[in-house]
Amino acid sequence: MDELSSLTVDLVSIPSHEDETAAGDFMESWLRAETDAEVTRDEAGNVFARVNAGEGESLALVGHHDVVPPAERQTTDDGEYVVETKDGRIYGRGSADMKGADVAAMLAFRDAAAEASQEVVFASFVGEELGGIGVRAALEEGLQIDYAVVAEGSTNYSGPNRTDLVVAHRGRRASVLEVSGTACHASEPEKGENAIYRASDAVDIVRELDVPDSEVLGNSVSGSIAVTGIDGGTAWNVIPDECEVVIDERTVPGGYADLEQTEAIEGVEWVVEQDLPPMACDDADFAERVFDVAKQVHERRGDESPQQVTKPHATDAGWLAEEGTTCVVYGPSSPGEAHTKNESVSVDVLERCYETYRDIVADW
């Protein structure tokens, strides 16, 4: 698997936290050179490759080629990304999330798509780390995919030495409570309306809200909600007339916390800033089909048997599922690997994922 490692190093080395163009160029050029697929690039910068276009039901291997900003140690003085391979791992910004998975999917697409009798798609989106900018643009332009394996992290969720199959994940709704009052001198607080007090009353409501639970294919998914910031006041001797409360809510398929209750407090306005949808696989047969392939690959390699699990983080699978794509998540990143100053991915796990993607595609 020297090709998998070297191609991953090449892609990881391309900066893509501010501008994904160069990484997209690399992927597009490689797909044109290495496959007979129809390769396209949309206006947003998303990269697509298709075989058997329009034939039967479509299956996509899905990734993204943007990354979060690198730590200082992950760049050179010239702004290039530092990539290092040691002890069977590839270190560098984006190695785990998710350029290693992109490469495994690209190689699987090249090596197996020609064997498929129905449409197979490779898709890598931009702007996933910024709320799914790329996938949303593609869906607005009419992208339609029947089934998708999204190559986000699912490794070692149920235990070590396995890549599990995610059948559902949580979403994320980011809200603020914009609280207004009436300012006055703090020596006569009764003459004003303290926005911080009103915000505190609203926070008490948030603390008591029920968060929903859901079950997907026998796997439970639980939501959560937390106040993560509060800002108000301008001076020690002024009763504040404004206050803002920041709320992080992790949503589940079919359920949200009832944050509208906070508006029962006078002066409180609830504003949703971001709503990343959760994902639930809506086809047990497809989940089992992918799961069976994953189990066979693990057994063939002598790895521990994977499990069906749920994932706490939102991915582009949520946007796809919202528009009717049946999704599962299966990828090399393990909890704690992504978005860190020591981000890395196991080459052995990349090989496992490559084999699984390849066998899924070949049988499509």
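The values are calculated or read from the model by the stated rules, or taken from the named source; none is laboratory data. Quick caveat, the model's predicted, so the values are computed rather than measured. FYI the Cβ positions are ideal-geometry reconstructions off the backbone, even for glycines, and counts take in every protein chain you see. Heavy atoms of the whole protein, side chains included, go into the accessibility calculation; ligands, DNA and RNA do not. Shrake-Rupley method; radii C 1.70, N 1.55, O 1.52, S 1.80 Å.
Accessible surface computed residue by residue for the chain, with neighbouring protein chains in place and a 1.4 Å probe, gives 44 Å² per residue. The distance between label points at Q296 and T40 comes to 3.2 nm (points 7 Å beyond Cα on the Cα→Cβ vector).
Fully extending the segment from N342 to E55, taken as 0.36 nm per residue of separation minus the present Cα-Cα distance, adds 99.0 nm. Helix 347-362 axis versus longest C-alpha principal axis of the chain: approximately 70°, rounded to the nearest ten.
For the chain, the longest principal axis of the C-alpha atoms and the axis of helix 284-301 are separated by about 60°. Straight-line reach from K86: taking Cα to Cα under 29 Å and skipping same-chain neighbours fewer than 8 places apart, the lysines in range are K99, K295, K311, K341. Label separation (N237 vs D25): 6.1 nm, computed from points 7 Å beyond Cα along the C-beta direction.
Carbon and sulfur atoms: what percent of the 1.4 Å accessible area of the stretch 224-364 do they account for? Carbon and sulfur atoms account for 43 percent of the accessible area of the stretch 224-364. Modelled spin-label separation between S6 and S222, with each label point placed 7 Å from Cα along the Cα-to-Cβ direction: 4.9 nm. For H339, the residues whose amide H sits under 5 Å from its own are G94, D97, ignoring neighbours fewer than 5 places away on the same chain, with H placed 1.01 Å from N.
Counting every pair of alpha carbons in the stretch 258-362, the share spaced more than 20 Å apart comes to 57 percent. Here the calculated FRET efficiency for A33 and W270, from their Cβ-Cβ distance with R0 = 56 Å, stands at 0.60, rounded to the nearest 0.05. For the stretch 18-148, the C-alpha radius of gyration divided by 2.2 N^0.38 Å, with N the number of residues, is 1.10. If r is the Cβ-Cβ distance from S305 to D87 and R0 is 30 Å, what FRET efficiency results, to the nearest 0.05? It comes out at approximately 0.75. Computed over neighbours whose Cβ is under 15 Å from that of P253, the net charge equals -3, Lys and Arg +1, Asp and Glu -1.
The H on the amide N of V216, modeled in the peptide plane, is under 5 Å from the matching H of V221, each at least 5 residues off or on a different chain. For the chain, the longest principal axis of the Cα atoms and the long axis of helix 2-12 meet at an angle of about 30 degrees.
All Cα-Cα distances of the stretch 1-69, cut into 10 Å bins from zero to the largest, leave 18, 48, 29, 6 percent in each bin in turn.
Treating each Cα of the chain as one equal point scatterer and applying the Debye formula with no solvent, the log10 of I(q)/I(0) at q = 0.13 Å⁻¹ comes out as -0.98. The HN-Hα couplings worked out from phi for the stretch 205-218 by the Karplus form 6.51 cos²θ - 1.76 cosθ + 1.60 (θ = phi - 60°) are 5, 4, 4, 9, 5, 7, 9, x, 10, 8, 10, 10, 6, x Hz, whole numbers, x standing for Gly and Pro. Here the stretch 196-327 is assigned +1 on the Cβ of each Lys and Arg and -1 on the Cβ of each Asp and Glu. Its dipole about the Cα centre then comes out at about 720 debye.
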